[in-house]
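Beneath this line is the structure, given in structure tokens, with notes to follow.
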Amino acid sequence: MQQSMEFLTAEESAQVDAALLTSKDKFSTRLAIYSLRCLKQIAEETGLTPDEIPSEQITTWIQKDENIKHNLDVDANFESFFTRLVISSLRPLKEVAQESGVPLQNLTVQQVVKWYEKEDIH
């Protein structure tokens, strides 16, 4: 059963807000943190690694996520759009994991934020 969780915790939001990032990159960072949390939860429930999770399971997760329904005005078009955003955040998360030398499921919020800060400078 899916656990209730915030879109981003106050601590995670504070870490992103403190980062030296453009507004666009802060949005991408927030999305990546949310995606990482979703992937970890799906992996825990299915026994798959985050890299193995099919797009369909991510879609189902987002459809069931009460926090999205509670915090955002969701319709079918938004749900599809948001699902594509979450799936697309896998690429940078995989890069963060590779550069950090840890499996994707072991990434921390701090590692994600630092990676986006580094990318924003380049």
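The values are calculated or read from the model by the stated rules, or taken from the named source; none is laboratory data. On a predicted model such as this, the values are computed, not experimentally measured, just so you know. Using ideal geometry, Cβ is built from the backbone for each residue, glycine included, and neighbour counts are taken over all protein chains shown.
Structure notes:
Residue by residue, here is whether (1) closer than 17 Å to Trp115 by Cβ; (2) at pLDDT 90 or above; (3) in a helix (DSSP H, G or I) holds:
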residue	(1), (2), (3)
Met1	no, no, no
Met5	no, no, no
Lys24	yes, yes, yes
Ala32	yes, yes, yes
Gln57	no, no, yes
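- Hits in segment 9-59 (condition: surrounded by 13 or more Cβ atoms within 10 Å (Cβ to Cβ), β-branched (Val, Ile, Thr) and either free of Cβ contacts under 8 Å to residues at least 24 places away in the same chain or on the phi > 0 side of the Ramachandran plot (or both)): Thr9, Ile42, Ile53
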